[in-house]
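> Supplied in structure tokens, the structure appears directly below.
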Amino acid sequence: MEVFTTDRIRNVVLLGHGGAGKTSLVEAMAYLSGQTSRMGKISDGNTVSDFDKEEIKRSFSIQTTVVPILWDNTKINILDTPGYFDFVGEAEEAVSVADAAIIVVSGKAGIEVGTKKAWEMCERYKLPRMFFVTDMDIDNASFRQVVEDLQELYGKKSHHSICRFVKMRNLSVM
Ligand SMILES: Nc1nc2c(ncn2[C@@H]2O[C@H](COP(=O)(O)OP(=O)(O)O)[C@@H](O)[C@H]2O)c(=O)[nH]1
Ligand SMILES: [Mg+2]
């Protein structure tokens, strides 16, 4: 196994409302970076991150999972946190060791309580952050609405940090 020195390791935490798509996002990252050879699905109970029996049964994350992604000679440890508030301690712990955060927002549901909690946590720990919008394959999803709402809440500084994720579901048929 290759040994990575600390300058080539990053810890990135995934935050956001339960169901926004964090676990599916890390699944896509693992697949696209070649760590796995197929995209698992929450509904099939075969994702890299939600491997625990309870998680498969309930179809959501209850603990933070570390998924190492190798990209561009760097090891990026993705910390996939549970979005549900019963398990907020897990997210807090992950945030405290992370170098940066990705806040996942559903383009269909828009900004939710968990989105705001995620932002507040990043403020508290002064974490650099970006947004990732999921569910863009769903008919009435609106990327523009998410961007506008985020800017209204957090000002222009959120503008540079929004990235786009389109039609992730299509990956599963590749
Ligand atoms: N259509 C669609 N469904 C998604 C997308 N991302 C996640 N999902 C589904 O939304 C549900 C919640 O996703 P999950 O990754 O568990 O969200 P988490 O709670 O933030 O980890 C699952 O059924 C996923 O298959 C997406 O981009 N498009
Ligand atoms: Mg999850």
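The values are calculated or read from the model by the stated rules, or taken from the named source; none is laboratory data. The structure displayed is predicted, hence computed values, not measured ones. Methodologically, a virtual Cβ is constructed for each residue, glycine included, from the backbone with ideal geometry; neighbour enumeration extends over all protein chains shown. Areas reflect the complete protein model, heavy atoms only, side chains present, ligands, DNA and RNA absent. Shrake-Rupley method; radii C 1.70, N 1.55, O 1.52, S 1.80 Å.
> Which of (1) without any contact (Cβ under 8 Å) to a residue 60 or more places away in the chain; (2) open to solvent by 60 Å² or more (accessible area, probe 1.4 Å) does ASP99 not meet, given it meets every other one?
Condition not satisfied by ASP99: (1).
> Here is a follow-up. Go over the candidates LYS126, LYS117, LYS108 one by one and state the one that is over 12 Å from THR64 (Cα atoms), within 11 Å of ligand 1 (Cβ to nearest atom) and open to solvent by 60 Å² or more (accessible area, probe 1.4 Å).
Sole residue among the options that is over 12 Å from THR64 (Cα atoms), within 11 Å of ligand 1 (Cβ to nearest atom) and open to solvent by 60 Å² or more (accessible area, probe 1.4 Å): LYS108.
> Which numbered condition in (1) of a type outside the set (Asp, Glu); (2) more than 28 Å from LYS41 (Cβ to Cβ); (3) modelled with pLDDT of 90 or more is the only one that LYS157 fails?
(3)
> Looking at segment 19-41, which of the residues that are of a type in the set (Lys, Arg) and farther than 14 Å from VAL66 by Cβ is most open to solvent (accessible area, probe 1.4 Å)?
Applying the filter and picking the extreme gives ARG38.
> Separate question: Regarding segment 78-86, can at least one residue be identified that is in a helix (DSSP H, G or I) and modelled with pLDDT of 90 or more? Please lay out each step first, then the result.
From segment 78-86, those in a helix (DSSP H, G or I) are 85-86; that's our starting set.
Narrowing the set further to residues that are modelled with pLDDT of 90 or more leaves none.
No - not one qualifying residue is present in segment 78-86.
> Now, a different point. Determine which member of the set ALA94, ALA118 is touching a Gly at 6+ places or on another chain (Cβ under 6 Å) and in a helix (DSSP H, G or I).
So the residue among ALA94, ALA118 that is touching a Gly at 6+ places or on another chain (Cβ under 6 Å) and in a helix (DSSP H, G or I) is ALA118.
> Would you pick out the residues in segment 95-114 that are of a type in the set (S, T, N, Q) and modelled with pLDDT of 95 or more?
Once the filter is applied, which keeps residues that are of a type in the set (S, T, N, Q) and modelled with pLDDT of 95 or more, segment 95-114 yields only SER106.
> Going by what's in this entry, would VAL3 be described as of a type in the set (A, V, I, L, M, F, W, C) and in a helix (DSSP H, G or I)?
no
> What is the one condition in (1) of a type outside the set (Phe, Trp, Tyr); (2) open to solvent by 40 Å² or more (accessible area, probe 1.4 Å); (3) modelled with pLDDT of 95 or more that LEU15 does not satisfy?
The one condition LEU15 does not meet is (2).
> Okay, next question. Can you work out which of the residues in segment 121-154 that are assigned to a strand (DSSP E or B) and of a type outside the set (Val, Ile, Thr) is nearest to SER96 (Cα to Cα)?
ARG129
> State the number of residues belonging to segment 45-81 that are of a type in the set (Ser, Thr, Tyr), within 9 Å of ligand 2 (Cβ to nearest atom) and within 22 Å of CYS122 (Cβ to Cβ).
Of the residues in segment 45-81, 4 are of a type in the set (Ser, Thr, Tyr), within 9 Å of ligand 2 (Cβ to nearest atom) and within 22 Å of CYS122 (Cβ to Cβ).
> Follow-up. Looking at segment 19-46, which of the residues that are in contact with a helix residue (DSSP H, G or I) (Cβ under 6 Å, 6 or more places away or on another chain) and not aliphatic (A, V, I, L, M) is farthest from ALA100 (Cα to Cα)?
So, considering only residues that are in contact with a helix residue (DSSP H, G or I) (Cβ under 6 Å, 6 or more places away or on another chain) and not aliphatic (A, V, I, L, M), the one farthest from ALA100 (Cα to Cα) is GLY45.
> Within 15 Å of ligand 1 (Cβ to nearest atom), over 15 Å from the mean Cα position of the chain (by Cα) and open to solvent by 10 Å² or more (accessible area, probe 1.4 Å), is that true of LYS57?
Here the answer is yes, as LYS57 does meet what is asked.
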